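Below: the structure, in structure tokens.
The values are calculated or read from the model by the stated rules, or taken from the named source; none is laboratory data. Not measured: the values here are computed from a predicted model. Cβ atoms come from the backbone with ideal geometry, glycine included; neighbour counts cover every protein chain shown. Accessible surface is based on the protein model in full, side chains and every heavy atom, while ligands, DNA and RNA are left aside. Shrake-Rupley method; radii C 1.70, N 1.55, O 1.52, S 1.80 Å.
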Amino acid sequence: MKIWMPPQKAKNRFAVHTLAGIAAILALAFLMIAVSALLTISAGENGKVLSLFLCLLTTAVIVLLALQLGRILRREATLFCQDDSGRLYILDVRRLVRYRRGFIGMIQTSSEVQKLIPAVRRQIEQEGMAPTAASEILGVERITERSGSYYVVCRIHHPNGHTGRYTCVLVKGYEQEDLLLYMLERKRLWRSSIEPKKNRNFIGILISLIFVILCSAVCIFSHPNVGVLPRSVYFPCLGIDMTAVYSMIYFIVRHRRGE
């Protein structure tokens, strides 16, 4: 039985990485907010513009760090295994633990995942078979490499018996990662390699972008401080504008994931 996991040290540190990562992000957020407040006060008349810029900068930094922490935790909790018959499986250990709300619940959940990761590996090595909670990868449609990870669009057989399309995020840093990618390539469906599906994400992004530009323009000209267009169209266009922004983000994420 072949197992692919991140490099294992003397002791699994999933809970430690979770709590330390969240604490570091929160500390940085409070620091940036405090610095932004001081700079805004000292800016005087230009404080509003500076405050908006610093708010956007702080939000962007926190979101990027949270995404990076999420990738690290995903890699530590996700394992791949292959049995002697060549069947390939994927298991996210976090799915085996009951989710708890609140800060204390998060600590308890992370601790359970930390204990469960090496236990699952020992179980696979002793029994020589994939856990019943693992999903079998039946075939791979597409593998897209991005910075720090691979997005694998595949067909999987779920433990509940259902078969469906699934996008597996393979974060870089596994043991013998080249061999795992080779095994995934061997699962590539011949039909997807010969007849690649048309990428309609660009059309969705373009249409959403057009709506964003048009609705943003209408919102600007209908704002009470501008008054070129009637005020009554401001809030409806603002709602449409936000919907178009979310739609554009959705298609961008789909394109990045190779779906």
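Details
- Selection status of residue 25, of a type in the set (Val, Ile, Thr) and without any contact (Cβ under 8 Å) to a residue 12 or more places away in the chain: no
- From the list 189, 229, 206, 238, the lone residue that is modelled with pLDDT of 90 or more and over 21 Å from the mean Cα position of the chain (by Cα) is 206.
- Note on segment 204-259: residues that are touching a Pro at 6+ places or on another chain (Cβ under 8 Å) and open to solvent by 80 Å² or more (accessible area, probe 1.4 Å) amount to 1.
- Subset of segment 100-128 [of a type in the set (A, V, I, L, M) and more than 26 Å from the chain's Cα centre (by Cα)]: 124
- Residue list for segment 39-63, restricted to those being under 30 Å from residue 116 (Cα atoms) and either of a type in the set (Lys, Arg) or modelled with pLDDT of 90 or more (or both): 62
- Yes/no for residue 112 being closer than 18 Å to residue 13 by Cα and out of contact with any Pro (no Cβ under 9 Å at 6 or more places or on another chain): yes
- One residue stands out in segment 5-38 among those that are assigned to a loop (DSSP other than H, G, I, E, B) and either aliphatic (A, V, I, L, M) or modelled with pLDDT of 90 or more (or both): the one that is surrounded by the most Cβ atoms within 10 Å (Cβ to Cβ), namely 5.
- Of residues in segment 50-64 being in contact with a helix residue (DSSP H, G or I) (Cβ under 8 Å, 6 or more places away or on another chain) and open to solvent by 70 Å² or more (accessible area, probe 1.4 Å), the one farthest from residue 92 (Cα to Cα): 55
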